[in-house]
Every structure is written in structure tokens, then in C-alpha cells.
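Asks: Following this message is one structure expressed as C-alpha cells.
The values are calculated or read from the model by the stated rules, or taken from the named source; none is laboratory data. As the structure is a computational prediction, the values presented were derived from the model and not from experiment. Cβ placement follows ideal geometry from the backbone for every residue including glycine, while neighbour counts extend to all protein chains displayed.
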Amino acid sequence: MRIIVILGRVLDPSGIVVKGSAGRIFVNREEYLIQPADACALEAALRIKDGMAAEVVALPRSPLPDDDILRQAIARGADRAIYLTGPALKAADEAAMTGVLTAAIERLGGADLVLIGSTTLDTGQGQLGLRLAEALGGAQITGAWQVSSADGQVQAVLQRNGRYVAVEADPPVVVTLLPGALKLRYPDGVRLINVYRGVGEVGDALEAWDAADLVDEAALTPLVESRGKEFAPERERGVRASGTPAEMAQAAADALRQRMRR
Amino acid sequence: MDASYLDLLMAQQEEITEEAAGGGGVWVVADVVNGSIAPVTLEGIGAARTLADSLGAYVYGVLLGAGGADLAQTLYQAGADGVRVADDAGLSEFALEPYLHVLADLFEAEQPEVVILAATQQGQELAPRLAQRMGGGLIEHVTAVTLDEATRTVQGAVPIYGGQYFEILACPEARPQFLTIEPGTFPAPFVDSYRKGEPTLLDVEPATPAVRVIGPAEDFEPPPVPLKQAPVIVAAGRQVGGEAGFALVQQLATALGGRVAGDRGARDAGWIEAGQVVDVRGVEVAPEVYVAAGIRGDTFHNAAIEEAGFILAIHPDPHAPIFESADLGLEAEPQDVLPALLEALGD
């Protein structure tokens, strides 16, 4: 069984401060994490590999300036990782990455299971995995807590209508994992050192592929572009409700309902 | 004043007639919840109406389900110029492939300019598949839209890091432009109860869901959400009103689907464990909603809740520092307000 894991990185939000009044984002500590939901996808892949013969290959969810998170995936147990490079890739959005990743998966010989986080911590985007499902012609299972494989099928546990249900589908399947679903294991110390040194059994586990060898340059043109940032007005704090306890409670209930609808 | 003649006049309003097929337009895919059109769909119709009026286009609603064709009038009343209805037993509950099959066929024929779906499970599953199939761009979790009229491009504001700021995204070339909109972020449109139309029924070809439900996952227990990541926290303080007040805090946490926490006073009283203390020396939190009941709010506590999205404070002392951090403050004894709050939330 070949399992593809799609991994992205995100700037640690605890290292940034957003000042709406100044219209600026201050980065106090530039530290990157594996996208939390993608980390769950990696752990799910490694757990399947723990129980059966499987090859786990890590691919990036977006253009990466370095291959650090892919080396970390290898250190944690992934068999291979492909670092996608090329100048044309730099501006790729989810639609462009779908084309590149589909071509990369085809070059790898296809996939039985693609695992990816259901959402990104920063932008909240969840479209890449489902675009991949469409491009690969596979089934999609979204928002999984657990993933397993048996009898040639892929099984998962989801929450639907307030209940947990088990579902299954025939490969190829794209499964998106919820953030917090699984705790990512620690890297193996020896593999970690060897993957950075390029020696040992993981010495050649990381490969770099030029995106231009996978798809035409025109396919890398992003469909979505950024047209700037907006900052919400400063919060008005210190507002007090007045009236009887019942009236105040009603005001609080209305405010809570409005907030929780969002 | 007798205004009944207005009713008569309005009732004579002509039925809405649609433009011929193939005219682009702004389309809204409806979410149906418990047999009713979801509020977010009406909000989508309102947003679509605004965009369509600037574009000189029509608004179309798409309704999929079983036996819910009557709901089409709700879409007309909210502002749709045309409604397509796929009424089939196989569409009674959302399943990806049957819904995708209907919508992909419809949109291939109609070539929409803009398609709006809700940022719900249904919309979030459908939109990427449709966008990929049709070569369209997709902007997810949009909370506001503007229009670049020169290029007929919709610009969507997308919250970053949970809304700390917003990125303005646009699909300048690709058509259709797909958007998923966040529930509750667009105003509900005016509902004109005199507006009506004749929906077009779609032919539905059966499609089998690729994912099969095996059954309930009875043994499954989700991992506990760390307090730091809990989306809703209800916290008790020393002045919550004793054991009885803390019981009300627990009830409120259950009602809101949140976690119980507290300040050091609550821990000293033995109501919570050390790992539930919200404080810069304990756990710093960033929930969407934080309710502080009977917490006075010292510097260490208030600094630990700085990143909370909405803070409701309940405390009898009008000078309690917690009120300076709160978005809404109630100057009252928690045991007086919490029962009424639970009742109001239950309505």
C-alpha cells in the first residue's frame, strides 16, 4: 500500500502580534510548525504503516522555501519525501499545487491513500485535499478522527450529526484529518541526524523534483490572487449590560448566540 | 390607516420570469437543515443579490433534496430570480457523489459566473470538487465580498489566524468564481413574502456514494481537547456563589459545549484541578468564547485570556478589573444571572 502524506508549514501564531490600529503584523519570533492537521495526517499514515506493509511518502502542500518539514517527516518514520522546487512553483495556489501533486503521485506510481489535514491553521483553507480527490478520481473522507486499512479498504471514524460513525471506501481515497485528532510521535534521534547528514538508511530518502518536469508552466499559474489585507476595527471592551438579572441574561444569551454562530 | 389595498396591489405582482439559460449569473447552492432553508443560504442569496445587481446578472438558487420543492419559494422571497430543484429520494441526505453529479451537470450547462455555497460540511465538501472539475477558482470561508466591476471579479475577505486579520482574495481569470461563505457573517436579506416564482425541476440521474457508512463507532472516544485549544471555556471564580454557583457554571459549560475552568480562587476552593487554572502561570487560553463567572480578574488572569475572541464577565463588583477586558460585562451575582442565562439559551 502506498500512502501519500501532504504536509505544510505555518508560522507559529504565538510568535506574531497583529495591530489592527497600525495595520501591521509584527513577527516577534519567526518559528514554523508543521500544520497541526497535517501533523495528524502524518501520524495516521505512520500508524497504518506500523500495522501493515506500507510505503509512506511525504509531499509538500505548498511551495516551501526549505525542506525542513519533509526531513522531519522522514525522521518520524516516512520512507520517502519529495521536495518540489522550481521558480514557477513559487506563486502556486491550491489549484496549481493540485496539478503538480497529481503529476508527482502519478510519477510515484499512484497512491492507495492520500492523507492531508482538513484545514490550515492560518488561512483555514481545506480545498487542496478535495481538489486532489477530484483530480485522482478517488473517494474523499473529510474530517476524520481515525484512519485505518484492512481487507483492501480504507476505514475512518467521523462525527456526523453529533454521533461518531465508521465509514469505508475503496482506494484510491483521500482522507482529511482533523487538527488534534492524533498526537504526532517524536522523531527518531538516529534518523533525524542521518536525514540531515544524508547518510544511513534514510540518506537518500529525500529527493528534489523540479515542478517544471511534472507539469507545463502554464498549469502553475495561480487562479487566486491576494489583493491586500484588512484589519478588523479595534474591539470595544468594557461594555456593560443593564437592567434586571433576566434582562442582562437575555443580552448575554443574544451576544453568545451571535458569537457562536460565527 | 387601512393598508389592505397594498396587499391586493402587491399580490398582483407578476411572477418572476428568468433569463434564458446559459446567461452566467450568480448561483447559490442551498443548505437544508431539518426541512428548512438554512439561514446561511438566505445570507448567501442576499450577498448574491448585491453582486448580481452590480453585475447586471440574475440570481439563481439550487435546491437539492427529497420532497422539499416547496422550499423554493423561500429562495424566491429572499431575492432569487430563478430556482432549480433536484427532487429525488437519493438526495434526501447530503452525500457527495449524488449532489456533485447534479450540480456538475447543471453548472456545465449554465456556466455560472459566480457560485456561492455555505462554509458548512456540505458546501466545504462540494465546492473544491466543483471548482476542480470546472477549472474554477475557490475562495473559502469568506466573511465579506466586494466587486471589482471593471473585471467582474468578486473579492472575498478571508479570516487569517481565526480572524486576527483578513486577506482579500480574488479569482481574476478563472470562471466560475466559487465562494464558500461563513454562516452569520452576511446580513439576512429582506424577505418579500409577495415574491414568488415557478422553479425548474432538474432531471436526476442516480449516483452511488463512494463512502459507505459501516455503523456507529461505539468504542471510539475522541481525544480530550486541551484547555488551551478549547473553543468555548466557562470559568468560575471565588465569587461564583459557592458549590451551587459552580454547579451552574458546569451547566452553562455543558449548554455551550465548552470546558470548565477557573481562576486560582476556584482551585483553592477545590472545584477545579491545577490544569484548569486560567492564568499566565497556569494555562493561557485563546477560545472563541470565554465566560468568567465570579472572577475578579487580576493581571495574571486577564493576561491569560487576552487572545479570547469574546469575553463575557459576570461579577457583582462594578470595579472588578475583569470588566476592562470583557466585551460584555454583567454587574450581578453569578447565581442570580446564570439560571436566567441558562433559560435564555434554552429558548
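Asks: Give B:Ala236, B:Ala253, B:Ala230 a once-over and let me know the one that is at pLDDT 95 or above, under 19 Å from B:Ala326 (Cβ atoms) and surrounded by 14 or more Cβ atoms within 10 Å (Cβ to Cβ).
Replies: Testing whether each residue is at pLDDT 95 or above, under 19 Å from B:Ala326 (Cβ atoms) and surrounded by 14 or more Cβ atoms within 10 Å (Cβ to Cβ) leaves just B:Ala236.
Asks: Look at B:Ala207 and say whether it is of a type in the set (A, V, I, L, M, F, W, C), modelled with pLDDT under 95 and either not assigned by TED's automatic domain parsing to the domain that holds B:Gly24 or not in a loop (DSSP other than H, G, I, E, B) (or both).
Replies: On the way: of a type in the set (A, V, I, L, M, F, W, C): yes; modelled with pLDDT under 95: yes; either not assigned by TED's automatic domain parsing to the domain that holds B:Gly24 or not in a loop (DSSP other than H, G, I, E, B) (or both): yes.
Answer is yes for this residue.
Asks: Then there is this: So, in the stretch A:94-127, how many residues would count as being in contact (Cβ under 8 Å) with a residue 60 or more places away in the chain and more than 8 Å from chain B (Cβ to nearest Cβ)?
Replies: Looking only at that region, the number is 21.
Asks: Follow-up question, since we're still on this one. Collect the residues in the stretch B:89-99 that are more than 14 Å from chain A (Cβ to nearest Cβ) and out of contact with any strand residue (DSSP E or B) (no Cβ under 8 Å at 6 or more places or on another chain), keeping them in residue-number order.
Replies: The answer is B:Ala89, B:Gly90.
Asks: Can you find, within the stretch A:147-199, the residue that is nearest to A:Leu132 (Cα to Cα) among those that are more than 8 Å from chain B (Cβ to nearest Cβ) and among the aromatic types (Phe, Trp, Tyr)?
Replies: A:Tyr186
Asks: Follow-up question, since we're still on this one. Can you pull out the strands (runs of 3 or more DSSP E) entirely within the stretch B:73-177 that have at least 1 residues that are of a type in the set (A, V, I, L, M) and within 18 Å of the chain's Cα centre (by Cα)?
Replies: In the stretch B:73-177, the matching strands (runs of 3 or more DSSP E) lie at B:114-118, B:137-142, B:144-148, B:153-160.
Asks: Do you know which of the residues in the stretch A:222-262 that are within 31 Å of the chain's Cα centre (by Cα) and more than 8 Å from chain B (Cβ to nearest Cβ) is surrounded by the fewest Cβ atoms within 10 Å (Cβ to Cβ)?
Replies: The residue in question is A:Pro233.
Asks: When you scan the stretch A:11-50, how many residues do you find that are in contact with a Ser or Thr (Cβ under 8 Å, 6 or more places away or on another chain), modelled with pLDDT under 95 and either surrounded by 19 or more Cβ atoms within 10 Å (Cβ to Cβ) or not in a loop (DSSP other than H, G, I, E, B) (or both)?
Replies: Residues flagged as in contact with a Ser or Thr (Cβ under 8 Å, 6 or more places away or on another chain), modelled with pLDDT under 95 and either surrounded by 19 or more Cβ atoms within 10 Å (Cβ to Cβ) or not in a loop (DSSP other than H, G, I, E, B) (or both) within the stretch A:11-50 amount to 0.
Asks: If you check B:Val102 against the conditions, is it crowded, with 18+ Cβ neighbours inside 10 Å and touching a Pro at 6+ places or on another chain (Cβ under 7 Å)?
Replies: In short, no.
Asks: Hey, another quick one. Which pairs do you get when a residue that is in contact (Cβ under 8 Å) with a residue 60 or more places away in the chain and crowded, with 16+ Cβ neighbours inside 10 Å, found in the stretch B:206-218, comes within reach of a residue that is of a type in the set (Phe, Trp, Tyr) and not in a loop (DSSP other than H, G, I, E, B), reach meaning Cβ atoms under 9 angstrom, with the pair 6+ apart or on two chains?
Replies: Pairs found: B:Ala207/B:Tyr99.
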